[in-house]
Amino acid sequence: MPDYGDCVININGRREITVKGGASLLATLLGQKIFIPSACGGRGGCGYCKVKVKEGGGPILPIEKPHLTAEELEQGVRLACQVKVCNNLSVEVPEELLNVHAYRATVERITDLTYDTKELRLKLIEPESISFTVGQYIQLKTPKYEGNATPVFRAYSISSPPSESGVVELIVRLIPNGICTTWIFQHLREGQEVRFNGPYGTFGLRQTERRIVFIAGGSGFAPVKAIIQDNPAEINRRTAKFFFGAKSVRDLFHVKLMQDIHAQYPRIEFIPALSLPNPGDVWVGEEGLITEVVDQRLPDACATEFYLCGGPGMIDACIAVLHKKGVTDDFIFFDKFV
Ligand SMILES: Cc1cc2nc3c(=O)[nH]c(=O)nc-3n(C[C@H](O)[C@H](O)[C@H](O)COP(=O)(O)OP(=O)(O)OC[C@H]3O[C@@H](n4cnc5c(N)ncnc54)[C@H](O)[C@@H]3O)c2cc1C
Ligand code: FES
């Protein structure tokens with residue numbers, strides 16, 4: 001590898017750091033405890049690691065272009081994972097990212113929610129508490145383990161409310177052969193220490209008078225749970241429907257929790273829907289793809305805000321249904337689990 005020597009990175013015109021050249025801007029900033037979100041491990045696939053590079057970034061790469069709007073291209077926004085530090089740079093990092101910290105925590109509890117979904121309760125060690133807004137996510141560090149040679153970070157939405165500042169709960173669904181989820185399911189044990197950084201993201205409840213519709217698939221339940229538990233009285237006042245898509249009865253979880261919330265706050269309605277019930281499933285609820293159920297059960301979409309969370313396919317299909325109903329993007333908020 002060529003020796004790029006020392007390079008100076010000016011951050012937001014206020015701070016200069018001297019680093020050894022040769023690595024990506026993402027990895028270099030991480031080494032300086034400046035945490036830029038990254039959902040794909042720096043492969044140029046997620047588009048989460050955007051920063052403005054004002055000087056010294058070199059030409060934009062073809063892999064970056066699909067993630068950047070015309071306006072971002074004009075402003076010099078780049079994917080930090082694709083910019084190599086090989087000379088001095090001047091960059092602008094979103095201010096809120098400078099408040100992201102690294103945390104050590106103990107796995108206090110692991111609960112099997114289904115055969116392929118676990119809930120992790122992490123008790124913070126250092127720092128002892130975290131300040132976040134509801135709906136945000138953290139990046140969990142997966143260490144080296146047999147079959148994984150390099151530590152990687154993966155994003156997980158916080159499913160507990162911010163009032164519990166000494167704890168972070170996550171809901172994680174196993175992705176077959178996935179690096180982080182295989183570690184969580186096969187290697188991670190209660191009492192073990194883990195590391196993460198955060199918080200990131202802006203998927204919180206907007207303070208308006210509009211009715212609320214949540215639509216989630218699988219582990220997309222996590223931030224919706226946090227939002228509802230954070231302030232159920234306010235959500236009840238505005239009225240909310242929560243459409244939750246699962247394949248079959250064995251993929252459902254936290255149904256009792258949602259029923260209890262509904263009993264106390266009757267204007268928060270939980271609508272689970274099964275897309276592929278098993279022949280033996282005893283089920284009297286909604287059936288069909290979550291998009292079909294939303295389409296049928298939501299004749300009136302006016303004066304409503306929509307909060308979507310889950311895989312990209314589900315989100316894109318739901319947005320198409322909402323557009324068909326005349327909902328504009330101003331009232332659709334989502335977190336895609338890319
Ligand atoms: C903002 C954000 C919040 C997230 N929150 C959560 C959360 O709360 N709970 C949760 O379980 N996940 C969440 N995710 C997804 C999570 O970050 C990981 O992508 C996921 O757990 C897979 O990681 P892995 O290391 O096990 O798989 P990887 O090693 O990254 O992937 C292995 C293979 O599986 C594919 N793959 C990755 N994800 C999926 C998927 N969802 N479905 C099908 N194939 C996939 C990849 O393309 C790759 O080919 C979130 C993602 C983002 C961006
Ligand atoms: S980290 Fe995913 S695109 Fe850069």
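The values are calculated or read from the model by the stated rules, or taken from the named source; none is laboratory data. It should be emphasised that the depicted structure is a prediction, and the values quoted were computed from it without experimental measurement. Methodologically, a virtual Cβ is constructed for each residue, glycine included, from the backbone with ideal geometry; neighbour enumeration extends over all protein chains shown. Calculation scope for accessible area: heavy atoms of the full protein, side chains included, ligands and nucleic acids excluded. Shrake-Rupley method; radii C 1.70, N 1.55, O 1.52, S 1.80 Å.
Using the Karplus relation 6.51 cos²θ - 1.76 cosθ + 1.60 with θ = phi - 60°, the per-residue 3J(HN,Hα) values for the stretch 144-151 come to 5, 8, 4, x, 9, 7, 10, x Hz, with x marking Gly and Pro. In this simple spin-label model, placing a label point 7 Å from the Cα along the Cα-to-Cβ direction at both D329 and E96 gives a separation of 1.8 nm. Computed from backbone phi, the HN-Hα couplings of the stretch 274-285 come to 9, 8, 8, x, 6, x, x, 5, 8, 8, 10, x Hz, rounded to whole numbers (Karplus: 6.51 cos²θ - 1.76 cosθ + 1.60, θ = phi - 60°; Gly and Pro given as x).
If the chain linking A233 and D316 were pulled fully straight, counting 0.36 nm for each residue of separation and taking away their Cα-Cα distance, it would gain 26.9 nm. At a probe radius of 1.4 angstrom, the accessible area of the stretch 101-200 per residue rounds to 45 square angstrom. Note on E72 and S165: the extension gain reaches 30.0 nm, defined as 0.36 nm multiplied by sequence separation minus the Cα-Cα distance. Taking all protein chains as they are arranged and a probe of 1.4 Å, the heavy atoms of E292 leave approximately 90 Å² accessible to solvent. Summarised as an ellipsoid, the chain has semi-axes of 36, 24, 19 Å, derived from the eigenvalues of the Cα gyration tensor scaled by 5 and square-rooted, with the largest first. Computed from point charges on the beta carbon alone (+1 for Lys and Arg, -1 for Asp and Glu), the dipole magnitude for the chain about its Cα centre is near 360 Debye. Accessible surface of the chain, 1.4 Å probe: 51 percent of it comes from carbon and sulfur atoms. Loop-located trypsin sites (Lys or Arg not before Pro) in the stretch 135-207 (DSSP state other than H, G, I, E, B) with a sparse environment of at most 15 neighbouring Cβ atoms within 10 Å: K144, R189, R206. In the stretch 66-170, the convex hull through the Cα atoms has an average projected area of 10.2 nm², a quarter of its surface area. Rounded to the nearest whole angstrom, the semi-axes of the ellipsoid equivalent to the stretch 6-97, taken from the Cα gyration tensor as √(5λ), stand at 19, 14, 13, largest first.
With respect to the chain, whose longest principal axis is taken over its alpha-carbon atoms, helix 312-324 is tilted by about 60°.
Bridgeable aspartates and glutamates around K84 (alpha carbons under 16 Å apart, same-chain partners fewer than 8 residues away excluded): D3, D6, E55, E64, E92. Close amide H partners of H101, meaning residues 5 or more places away or on another chain with modelled amide H under 5 Å apart, are G198. Once you sort the root eigenvalues of the Cα gyration tensor of the stretch 211-336 as a ≥ b ≥ c, which label holds: rounded (a/c under 1.5), prolate (a/b larger than b/c) or oblate (the other case)? Oblate, because a/c is 1.5 or more while a/b does not exceed b/c. What is the log10 of I(q)/I(0) for the stretch 141-211, computed with the Debye formula using one identical point scatterer on each Cα and no solvent, at q = 0.26 Å⁻¹? Each listed q maps to, in turn, -1.40.
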